[in-house]
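We did not get these values from a lab; they are worked out from the coordinates using the rules stated. Source: prediction; values computed, not measured. We place every Cβ from the backbone using ideal geometry, glycine too, and count neighbours over all the protein chains shown.
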Amino acid sequence: MRLGVDLGGTKIEAVVIDGNGDECWRQRVLTPQGNYDATLGAIAQLVKEGKRIVGIGPSAVIGIGTPGAETKDGSMKNCNSTALNGRFLRKDLSQLLNCPVKIANDANCFALAEAHRGRGRQVGVFKAEGESTHQCPGVVFGVILGTGVGGGIVVNGTLLTGPNTIAGEWGHNPMPLKGEASGSARVERVERRPCYCGRVNCVETFLSGPGLALSYQQRFGETLRPEEIITRMRNGEGEGEDKENAGFIWREYMQQLAVALAQVVNILDPSLIVLGGGLSMVSEIYQDIAPMMKPHVFTDEFDTPILPALLGDSAGVYGAAWLVDEIT
């Protein structure tokens with residue numbers, strides 16, 4: 001049995017899964033806003049109840065998925081639940097619950113869940129002695145395309161973190177120039193896009209939902225929500241030139257996504273790329289992305305599956321549970 005907790009900005013969810021990854025128990029509560037001690041208490045209550053109901057020992061290890069990252073000294077940073085920033089979440093929970101705690105950010109938990117329980121179950125199934133046997137794909141790259149852009153890497157079923165705990169932070173590489181524009185004249189028009197990380201023109205500032213909206217606003221001077229841009233792209237709404245504006249920005253977005261993902265493929269050569277987050281639900285991505293990536297990938301036979309996530313907002317909590325098996 002594995003118990004995981006997904007600590008989000010609005011909800012805290014806990015789940016217990018069995019050895020096959022099937023759910024045995026799940027519960028969620030609202031996240032106490034701006035109150036660190038109350039957040040610890042809510043997590044502790046969920047963990048204790050889950051362990052009691054399913055029969056897991058009080059000292060058994062648990063996994064926690066967080067909205068930010070753990071620094072080398074063990075404190076939290078970049079959490080949208082700002083009460084967590086600067087706090088020693090893992091240490092405090094371990095002391096409160098008297099059990100080991102493993103921790104990872106939400107993008108890593110997403111990748112781990114999809115590798116083990118989501119798309120990885122489809123791509124990684126092989127036949128052994130006449131029976132269907134599950135095995136995770138060799139390398140899975142999980143991508144979040146939402147309010148931000150994140151990534152996680154799973155190798156042979158194990159999360160890759162790295163000595164600096166930044167493996168998979170694809171969203172904070174510079175956007176390649178070929179992705180910034182569809183022509184040299186357009187490159188000159190690209191405005192500097194500050195990123196919250198302190199850098200400029202990160203992949204996240206182009207490929208996130210706000211990045212898509214900014215592309216439209218910079219080009220056409222109109223402020224639209226990402227979903228409005230998608231609707232206009234699909235329906236050809238508008239008068240005259242406006243009718244093509246959304247289609248133009250969407251093609252540019254796809255070019256940016258293709259070039260940025262191609263860089264990952266040239267480094268990792270993943271067996272599977274899984275897209276999650278709000279923008280991952282745009283079905284047009286999966287019709288066009290592979291052919292658009294192919295000119296930028298260092299092979300003539302590019303056939304890596306690029307698929308939408310299966311687990312939706314459950315990926316975080318399932319990934320947290322799979323952390324239990326991860327090596328510390």
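Report, as a whole number in µm² per second, the diffusion coefficient that Stokes-Einstein gives for the chain at 37 °C and 0.692 mPa s using the Kirkwood radius over alpha carbon pairs. Kindly include the intermediate steps, with their values, before the conclusion.
Working: Rh = 20.8 Å.
In µm²/s, the coefficient rounds to 158.
Here the spin labels are modelled as points 7 Å beyond Cα on the Cα-Cβ line, and at Asp73 and Arg199 they lie 2.4 nm apart. Would you work out if region 213-328 is rounded, prolate or oblate? Take a ≥ b ≥ c from the square roots of the eigenvalues of the alpha-carbon gyration tensor; rounded if a/c is under 1.5, else prolate when a/b is larger than b/c, oblate otherwise. Oblate shape, in that a/c is at least 1.5 and b/c is the bigger or equal ratio. Sum up the charges of everything whose Cβ sits under 11 Å from the Cβ of His172, counting Lys and Arg as +1 and Asp and Glu as -1, but leave His172 out. That works out to -1. Computed packing ranks the peptides 210-219, 147-156 as 147-156, 210-219, most packed first, by mean other Cβ atoms within 10 Å. Helix 209-220 and the longest principal axis of the C-alpha atoms of the chain enclose an angle of approximately 10°.
Summing charges over neighbours of Leu96, with a neighbour being any other residue whose Cβ is under 14 Å away from its Cβ, gives +3 when K and R count +1 and D and E count -1.
What's the local net charge at Leu311, with K and R +1, D and E -1, over the other residues with C-beta under 10 Å away? Residues close to Leu311 contribute a combined charge of 0. Stretching Leu96 away from Gln27 to a fully extended chain increases their span by 22.9 nm, per 0.36 nm per residue minus the current alpha-carbon distance.
Highest-first packing order for the peptide set 17-27, 39-49, 112-122, 160-170 is 112-122, 39-49, 160-170, 17-27, based on the mean count of other beta carbon atoms within 10 Å. Length available on full extension from Arg251 to Glu228: 0.36 nm per residue minus the Cα-Cα distance, which gives 6.7 nm. Phi angles of region 3-9 translate, via the Karplus equation with coefficients 6.51, -1.76, 1.60 and θ = phi - 60°, into HN-Hα couplings of 10, x, 10, 9, 9, x, x Hz per residue; Gly and Pro are given as x. Two numbers describe the Cα atoms of region 139-308: Rg and Dmax, which are 15.9, 54 Å. Length gained on full extension, Asn20 to Thr165: 49.4 nm, using 0.36 nm per residue less the C-alpha separation. Taking amide H as placed 1.01 Å from N in the peptide plane, Ile103 has its amide H under 5 Å from the amide H of Ile64, each at least 5 places away in sequence or on another chain. When the alpha carbon gyration tensor of region 1-146 is reduced to an equivalent ellipsoid, its three semi-axes come out at 29, 19, 13 angstrom, largest first.
The HN-Hα couplings worked out from phi for region 154-169 by the Karplus form 6.51 cos²θ - 1.76 cosθ + 1.60 (θ = phi - 60°) are 10, 10, 6, x, 10, 5, 9, 10, x, x, 9, 6, 10, 4, x, 6 Hz, whole numbers, x standing for Gly and Pro.
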